[in-house]
Amino acid sequence: MDLPIASTRLALLTVTLALGCAVGDENSSFTGLTFGDASAEGGPGGTTQSDGTDGTNGTDADGTGTGSADGTSNGSADEQGCTPSEEICDGEDNDCDGEIDNGDPDAGAPCDTGLPGVCANGTTACEDGAVACIPNQGAVAETCNGLDDDCNGMIDDGNPEGGQACNTGMSGICADGITECMVGALGCLPTVMSSPEVCDNLDNDCDGTVDDGNPGGGGACATGMPGICSAGTNQCSGGVVSCQPNQMAAPAETCNNGLDDNCNGQVDEMCSTCSHDICLTGDPLIPGCEPCVTSVCGIDPFCCSVSWDAFCVDEVGSVCGIVC
């Protein structure tokens with residue numbers, strides 16, 4: 001049976017009012033009905049619209065929530081099943097403010113990262129729902145400071161900042177050096193260490209004196225020179241060991257001492273005790289005129305044919321058959 005349009009509208013209004021009163025209270029926010037055009041369902045020229053949970057615009061049980069058109073609740077945290085508590089780092093919204101782990105909970109405490117060197121000390125931080133220990137200082141290139149800067153478990157490894165030429169401040173061969181990282185500080189180590197002194201015109205023992213102590217010298221030697229200059233001693237001079245005479249040549253011969261004082265290879269020359277004259281210029285020389293000498297005699301450079309030519313030292317019975 002077709003009912004008049006007015007009757008239909010009255011019936012719908014009655015039902016709607018009944019539902020609104022059933023779920024609401026004296027504080028109900030029910031706003032009434034709105035009628036639209038004739039194309040809406042429910043009759044020509046009007047529609048029904050509601051604003052509330054399950055088709056009503058009422059309140060929830062504690063009077064704090066407002067319903068939505070699709071029947072879902074948009075009420076308080078309690079309605080959503082969330083009980084506010086202190087936020088902790090667990091990947092949950094503990095304080096029911098819509099944000100997870102906000103405020104970096106459980107962070108800011110000192111901690112040990114478990115890493116070596118400068119990376120060991122850390123501070124807690126909340127990351128991905130878990131408390132992590134973040135290093136206060138990251139690994140950097142190693143420097144000479146007594147620390148493990150690159151966090152590889154070794155202090156000052158690789159001689160950081162070392163390897164440069166430097167002056168040690170020492171003497172001799174120890175002066176030249178190279179920088180070395182030692183106990184957290186740069187030092188200058190000699191490239192050549194001190195050693196016993198040798199005769200090389202260098203300060204080998206780094207005491208500030210070259211070839212001190214006559215290195216390589218001191219032993220007896222023969223100079224190869226005649227007379228008193230023949231006996232010598234090894235001496236370091238100018239970086240070379242050479243045989244130096246124990247006595248230097250005298251400026252003039254000393255007569256009758258049986259020595260070659262002036263180191264010219266002749267003993268007591270020009271000091272003849274025999275009664276012959278010195279050979280004159282042009283007189284022929286007689287080589288080897290001295291072998292007949294039977295005692296300590298020297299070679300007279302003036303051997304000549306006019307007479308025997310040997311001179312005697314001390315008492316000599318005869319020279320070549322001629323009595324002195």
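The values are calculated or read from the model by the stated rules, or taken from the named source; none is laboratory data. Computed from a prediction, not measured in an experiment: that's the story for all the values here. Here Cβ is always computed from backbone atoms with ideal geometry, including for glycine, and neighbour counts include all displayed protein chains.
Can you work out which of the residues in the range 140-162 that are free of Cβ contacts under 8 Å to residues at least 24 places away in the same chain and farther than 11 Å from Leu186 by Cα is farthest from the chain's Cα centre (by Cα)? Can you show your working first?
Narrowing the range 140-162 to residues free of Cβ contacts under 8 Å to residues at least 24 places away in the same chain: 140-143, 154, 157-160.
Subset that is farther than 11 Å from Leu186 by Cα: 140-142, 154, 157-158.
Numbers: Val140: 14, Ala141: 11, Glu142: 8, Met154: 12, Asp157: 7, Gly158: 6 Å.
Within the range 140-162, the match that is farthest from the chain's Cα centre (by Cα) is Val140.
Output the number of residues of the range 232-260 satisfying the condition of being over 23 Å from Asp203 (Cβ atoms) and in a loop (DSSP other than H, G, I, E, B).
15
Residue pairs, Cβ under 9 Å, 6 or more apart or interchain, first in the range 207-227 and without any contact (Cβ under 8 Å) to a residue 12 or more places away in the chain, second of a type in the set (Asp, Glu) and surrounded by 17 or more Cβ atoms within 10 Å (Cβ to Cβ). List them.
Thr209/Glu197; Thr209/Asp203
A quick yes/no check of all residues on (1) in the same structural domain as Val118 (by TED's automatic domain parsing); (2) part of a loop (DSSP other than H, G, I, E, B):
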{"position": "Ile134", "(1), (2)": "yes, no"}
{"position": "Asp148", "(1), (2)": "no, yes"}
{"position": "Thr179", "(1), (2)": "no, no"}
{"position": "Met193", "(1), (2)": "no, yes"}
{"position": "Pro196", "(1), (2)": "no, yes"}
{"position": "Gly213", "(1), (2)": "no, yes"}
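Answer yes if at least one residue in the range 79-86 is modelled with pLDDT of 90 or more, in a loop (DSSP other than H, G, I, E, B), under 30 Å from Asp148 (Cβ atoms) and out of contact with any Phe, Trp or Tyr (no Cβ under 6 Å at 6 or more places or on another chain), and no otherwise.
Just the residues of the range 79-86 that are modelled with pLDDT of 90 or more, to begin with: 84.
Restricting the remaining residues to those that are in a loop (DSSP other than H, G, I, E, B) gives 84.
Right, trim to under 30 Å from Asp148 (Cβ atoms) and you get none.
So far as the range 79-86 goes, no, none of its residues is modelled with pLDDT of 90 or more, in a loop (DSSP other than H, G, I, E, B), under 30 Å from Asp148 (Cβ atoms) and out of contact with any Phe, Trp or Tyr (no Cβ under 6 Å at 6 or more places or on another chain).
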